[in-house]
Every structure is written in structure tokens, then in C-alpha cells.
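What follows is a short report on a single structure.
The values are calculated or read from the model by the stated rules, or taken from the named source; none is laboratory data. The structure presented is a predicted model; accordingly, all values stated were derived computationally and were not measured. Positions of Cβ are generated from backbone atoms using ideal geometry, with glycine treated the same way; all protein chains shown enter the neighbour counts. Calculation scope for accessible area: heavy atoms of the full protein, side chains included, ligands and nucleic acids excluded. Shrake-Rupley method; radii C 1.70, N 1.55, O 1.52, S 1.80 Å.
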Amino acid sequence: ELKGIVFVIQSQSNSFHSKRAEDLKRDILKQAVDLGKELPTVLLIHQIDRHEGAWTILPLMTDFSVTYGRNSSWIFFCEEDTRIQVIKLVETLRRFDKSKEWFLGKALYDEESTIIHHYAFAENPTVFKFPDFAAGWALSIPLVNKLAKKLKSEPLKSDFTIDLKHEIALYIWQKGEGPHLTPVPEFCTDDVNSYKVDHCATTFSNFLPLCGEPVNKEDVFVAVKTCRKFHGDRIPVVKQTWERETALIEYYSDYADISIPTIDLGIPNTDRGHCGKTFAILERFLNHTSPRTPWLVVVDDDTLISIFRLRKLLSCYDPNEPVFLGERYGYGLGTGGYSYITGGGGMVFSRTAVQKLLASKCRCYSMDAPDDMVLGMCFSGLGIPITHSPLFHQARPMDYPKDYLSHQIPVSFHKHWNIDPVKVYFTWLAPNTEESSNGKKVGYNREDL
């Protein structure tokens with residue numbers, strides 16, 4: 001029955017995201033009322049604030065077990081943009097015996113082993129299935145209780161949270177002792193208007209959020225981190241691809257090269273993290289750019305990004321809030337820890353966020369500390385939550401399942417390893433004719449890559 005389902009929405013505290021999650025909660029409860037059913041429990045992850053790592057879900061299992069372990073049947077997880085047909089969801093879950101351990105979802109798998117999953121199942125990565133969160137996924141209460149018990153005796157060991165959906169599936173699988181993901185065809189990521197969705201209990205909107213006019217080109221200042229050894233091969237790619245989408249862009253290096261031109265910030269290049277350089281960029285943005293420029297984007301010289309799409313996305317955020325946006329990773333979240341925006345996919349800051357950060361005394365513990373992790377630590381200490389968007393990517397398109405990317409309009413990818421980065425840009429990120437009146441889309445097919 002519906003009252004036996006606990007809905008958990010992967011919400012965020014940023015005002016744009018929390019409103020969308022609240023809208024989804026209202027929709028679920030309204031459907032329940034219209035069906036004449038008892039109201040289910042609907043939880044918003046960002047409101048479960050006892051855990052900095054609540055978004056990683058596993059730390060919540062003990063609470064779920066204690067609170068819902070006796071009177072509920074299922075915990076159903078979804079994203080703020082997942083659309084749910086409640087009656088179909090109830091019918092779908094009814095097919096499974098709620099007294100058994102079930103892990104249900106729409107199955108994704110890697111076609112080749114990939115660094116973002118630590119080359120798991122290298123022999124044949126297609127054998128391991130993990131859920132597409134956009135379609136929603138469900139755990140039966142007996143499985144929740146089992147996971148809670150295991151977490152009590154063996155706390156989470158992993159230092160890093162990189163791809164949550166894969167890591168949760170690995171944890172539940174328990175090296176073959178736990179259940180595999182059971183694919184459920186009614187959990188869908190087709191758009192709600194698609195002809196395919198008649199059988200679907202869930203759907204997912206494939207769109208780039210747009211909340212009014214895209215922000216102006218002049219409102220986005222782009223800082224590219226580079227160094228002398230990459231001036232010859234990486235910078236030409238930026239110039240051939242996305243530089244033309246920017247109005248304000250500077251290249252920061254350890255060597256001033258007027259042909260690019262690059263700016264030497266007086267920070268020597270480091271082989272590892274670039275904390276010193278990134279903090280120098282933040283200082284420069286605050287002190288040497290127009291105070292009317294509300295947004296800063298910091299990217300690596302091998303980041304491929306659509307500034308055109310980013311300007312649409314930024315129309316949904318209030319630059320007067322301290323916004324720190326990109327792809328979220330976690331460090332040590334089972335034991336305190338913090339979340340951070342991983343640098344390769346691009347880090348987006350509102351000027352307000354930069355002001356608050358630099359007004360605090362939080363700084364690099366060494367010049368070559370990992371900049372993205374130090375920033376995460378600093379913002380966590382300031383009580384400023386980071387804002388996650390799955391449209392930023394720390395790796396290349398082929399490092400993600402095709403089915404996962406098929407319901408995305410991506411904003412960035414990262415790395416030039418074994419790919420033609422110009423081709424990847426024009427295939428995945430260049431404005432197409434509908435998006436841009438003057439842009440011409442070069443005819444590459446995503447399937448070629």
C-alpha cells in the first residue's frame with residue numbers, strides 16, 4: 001500500500017533546488033489525496049541535516065531502519081526532476097515480495113572499465129548493474145534493516161565518494177553475498193511526453209533548466225588554469241572550441257606568453273594540486289574584475305565546457321546567494337568529512353561565495369594541496385553547502401554509460417586522453433542550430449565516439 005512507501009528525494013538546500021524538491025513532494029502528496037489513500041512519508045535529503053554526507057544515503061540506513069523498519073515496506077529514492085505516477089509505482093512494487101531483500105531500479109552498466117569506477121570488473125564490466133537515480137530506485141525494508149546492521153558492525157571504509165550510484169550498488173552487492181540490482185522496466189528515464197511512457201511508473205525530463213533569459217556573456221568570467229608545458233597542445237583546443245562562447249576569459253600560467261595571452265600569477269607550477277594558483281585566481285577575480293560580474297568559472301586547460309549552456313543553467317541561481325556549483329564528490333563522509341566540487345568538470349562560484357570564502361581565513365595548507373578539496377573543506381567550515389549538477393563531468397563521455405548520458409544535456413567533460421577533444425566538443429557540447437541562431441553544428445554523431 002502507498003502508506004508503506006517512504007519517498008526520499010535527493011534534494012539540495014540551494015533555493016532553486018529546494019523549491020523543485022518541495023514541488024515534487026507536493027505532487028506526490030496530492031496524488032495520494034486524489035487516490036483517496038493515506039498519505040505516505042516524503043523526506044527531503046537536505047533537511048536531514050545531522051549528516052553532512054546525507055546525500056550519500058548509506059549513512060542514513062540506520063535512521064531509516066529505526067524509524068521505518070517496522071511499519072513500512074519500501075524506501076523509494078528519486079531525484080528532484082523524477083516524475084512519479086504514484087498509482088503505477090504502487091502496482092509495480094506490489095509485484096515484489098516485500099518480506100524479501102530487494103534492490104530495484106533501472107539498470108546501467110559500464111561498456112568498458114573506467115577510472116571513475118576504479119576499473120571495477122575489468123574482465124567484463126557489463127556484468128555489474130547499478131541504478132540510474134533519475135528513474136528512481138527502491139530498497140525493501142528487510143534489505144534496509146540488513147544494511148543498517150552491517151553498518152553498525154562495519155562502518156563505511158571508503159575515503160572518497162565519486163560515483164554514488166555505482167558505489168551504493170557495490171556496497172549492497174557485498175562481493176556477491178548481497179542482492180544484485182533487479183531491473184524494473186517501469187522505472188524509466190523517457191520524457192513524460194514520449195510515446196514510450198505508457199507503462200512507466202517514473203519518467204525524467206531531459207532538459208537544461210532555464211529560469212528566464214540566459215545570463216549575459218559579460219556576467220560570466222572564465223579563468224583557465226594552465227602551465228607552460230601545455231601551452232602548445234591544450235590551449236589551441238580551447239581556442240578552437242569553446243573560447244568563442246566567452247566574453248571575459250583569462251589564462252593563468254607559470255609563464256607569461258603574449259601569443260595566448262597568459263598571465264603569470266607568480267605562483268610556480270606544481271605537479272599535484274593547484275591550491276596556491278586557484279586562491280590567487282579567486283583574489284584576482286575579487287580585486288581586479290568589475291564588481292558587476294556575478295559569476296566566476298574556474299576550469300582546467302583540458303576541460304571541455306559549453307559556456308552557452310552554462311549561461312542558461314545560471315539563470316536558475318541567485319548570484320546574491322553563496323553558490324559553489326559543479327559535480328559533487330565526497331571525502332570521508334562516513335566519518336564527518338566534507339563534500340567538494342571536483343575541479344576537472346569546472347567549478348562555478350557566485351561573487352558572493354568568493355567574498356565569503358576570502359573574508360574567512362581559510363586558505364591552502366600547502367601550495368600544492370588539491371584545490372578542489374581545500375575549497376570543499378573551507379565552504380563546509382563556513383556552513384555553505386555546495387550545489388551539485390550532474391551536467392558537469394570529471395571524465396570523458398566514454399567513461400559514462402550511454403543510457404545515463406542519453407537523458408542529459410551536458411555542460412562539461414574533462415581530459416583529452418585517447419580522444420579527439422575537438423570532435424568531443426562539437427559532438428556533445430557545441431550549441432546546435434536550435435540552441436544558437438548563429439552557431440553551426442558540426443555533423444558528428446554521438447554514437448561515433
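How far apart, in nm, are the 7 Å Cα→Cβ label points at residue 127 and residue 160?
Using points 7 Å along Cα→Cβ, the separation is 2.5 nm.
Counting only protein heavy atoms and a 1.4 Å probe, tell me what percentage of the chain's accessible area is made up of carbon and sulfur.
The computed percentage sits at 51.
Can you list residues whose amide H is under 5 Å from residue 304's amide H, if they're 5+ apart or on another chain and H is modeled 1.01 Å from N?
Residues meeting the amide H criterion: 413, 414, 415.
Out of the chymotrypsin sites (Phe, Trp or Tyr not before Pro) in the stretch 107-205, which ones are loop residues according to DSSP with at most 12 other C-beta atoms within 10 Å?
119
Distance from a point 7 Å along Cα→Cβ of residue 264 to each backbone N in the stretch 347-387: keep the residues under 20 Å and list them by number.
Answer for the stretch 347-387: 367-368.
Between residue 99 and residue 271, what is the label-to-label distance in nm when each label sits 7 Å out along the Cα-to-Cβ direction?
Label at residue 99, label at residue 271, 6.1 nm between them.
Scan the chain and hand back the longest stretch that contains none of the trypsin sites (Lys or Arg not before Pro) lying in DSSP loops with at most 16 other Cβ atoms within 10 Å.
Numbers: sites that count: 37, 50, 70, 95, 98, 100, 157, 272, 292, 361, 363, 440, 441.
The segment 158-271 is the longest one with no such site.
Measure off 7 Å from each Cα along the Cα-to-Cβ vector at residue 286 and residue 120, then give the distance between these two points in nanometres to one decimal.
4.0 nm
Estimate the FRET efficiency between residue 255 and residue 38 by the formula 1/(1 + (r/R0)^6), using the beta-carbon distance for r and 60 Å for R0, to the nearest 0.05.
About 0.35, to the nearest 0.05.
Find, among the chymotrypsin sites (Phe, Trp or Tyr not before Pro) in the stretch 278-377, those assigned to loop by DSSP (not H, G, I, E, B) with at most 13 other beta-carbon atoms within 10 angstrom. Display every interim value, and only then the final one.
Numbers: sites: 279, 285, 295, 308, 317, 324, 329, 331, 338, 340, 349, 365; in loops: 317, 365.
Filter output for the stretch 278-377: 365.
Roughly how many Å² is the accessible area per residue of the chain, as a whole number, for a 1.4 Å probe?
With the other protein chains kept in place, the chain gives 44 Å² per residue.
Could you sort out which of 3/149; 129/423; 217/415; 100/149; 225/402 sit more than 18 Å apart by Cα distance in this structure?
From 3/149; 129/423; 217/415; 100/149; 225/402, over 18 Å: 3/149; 129/423; 217/415; 225/402.
Lys/Arg Cβ at +1, Asp/Glu Cβ at -1, dipole of the chain taken about the Cα centre: which of 380, 401, 369 is farthest positive-ward?
With unit charges placed on the Cβ atoms, the residue in question is 380.
From Cα pairs below 8 angstrom and at least 6 apart in sequence, can you work out the relative contact order of the chain, rounded to a whole percent?
The normalised contact order for the chain reaches 15 percent.
Give the percent of DSSP beta bridges with both residues in the chain that are antiparallel, rounded to the nearest 5.
That works out to approximately 50 percent antiparallel.
Determine the alpha carbon to alpha carbon distance for each of 19/152; 152/175; 25/88 and list only those over 26 Å.
Flagged as over cut-off: 19/152.
So what's the back-of-envelope 222 nm ellipticity for the chain, counting only DSSP H runs of four-plus at -39500 (n - 2.57) apiece and dividing by all residues, rounded to 500?
Details: 12 runs with 120 residues, N = 449.
That comes out to -8000 deg cm²/dmol.
Report, ordered by chain and residue number, the aspartates and glutamates lying within cross-link reach of residue 37, taken as a straight Cα distance under 19 Å and ignoring same-chain residues fewer than 8 apart.
Answer for residue 37, where 19 Å is the Cα cut-off: 1, 27, 91, listed by chain and number.
Is there a quick way to get the dipole size of the chain? I mean about its Cα centre, with the Cβ of Lys and Arg at +1 and of Asp and Glu at -1; what is the value in debye to the nearest 20?
Roughly 780 debye for the chain.
Antiparallel versus total DSSP beta bridges in the stretch 217-429: what percent is that, nearest 5?
Close to 45 percent.
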